[in-house]
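J.: Mind looking over this structure? Questions follow.
Read-outs: derived from the displayed coordinates by stated rules, not from any lab. Everything quoted here is computed from the prediction, not taken from an experiment. Here the Cβ is made from the backbone with ideal geometry for all residues, glycine too, and neighbour counts use every protein chain on show.
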Amino acid sequence: MARRKNSNPFDGEDAPAMDVSPLIDVAFLLLIYFLVTATLLKQEADLGLALPGVASLSNAPVDVDQMVIKIEANSNVQVNDELVESNPDSRQLRNLTDRLTRYAAGAKIAKSEAMVVINCHNDAREQRFVDVLNACAAAGLKNISLTD
């Protein structure tokens, strides 16, 4: 009886393997490249927020006029129920920044602390909220509060 020749040429030998170490090196090089070339916007990285949480109650009255900024669902921005920005595609909120700068200067002259309350609708764009925070940072406001 004749034997059939085995058709597997790698029988009895180690099967060829793919070396993945160059692939790992390339992945790490790409990671380092993207980390180094990524830019952070300074104005967004510097802005500190105090998120609502447990706070102690004090009996001292608040003698500061608060400025209420409302961001609507269609990304319109209102200040104290007055429309100041209506173009949802505009990233530079010049009217809001000017108004906030005047408000901060007035509070400084009155020797009181400027306080801004931001009321953002749930359906508003996140970028619009960041733009409002950038306008607050450009005006030099530090006391920012968030509400529903």
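J.: Separation between the ARG125 and ARG91 pseudo-spin-labels, each 7 Å from Cα along Cα→Cβ, expressed in nm?
T.: So the two model labels end up 1.0 nm from each other.
J.: Taking the Cβ of HIS121 as the center, what net charge do the other residues with Cβ under 15 Å away carry, scoring Lys and Arg +1 and Asp and Glu -1? Mind dumping the intermediate values first?
T.: Working: positive: LYS70, ARG125, ARG128; negative: GLU72, ASP81, GLU85, ASP123, GLU126, ASP131, ASP148.
Once positives and negatives cancel, what remains is -4.
J.: Net charge near ASP81, counting Lys/Arg +1 and Asp/Glu -1 over other residues with Cβ under 15 Å of its Cβ? Kindly include the intermediate steps, with their values, before the conclusion.
T.: Values: positive: LYS70, ARG99; negative: ASP65, GLU72, GLU82, GLU85.
Net of charged neighbours comes to -2.
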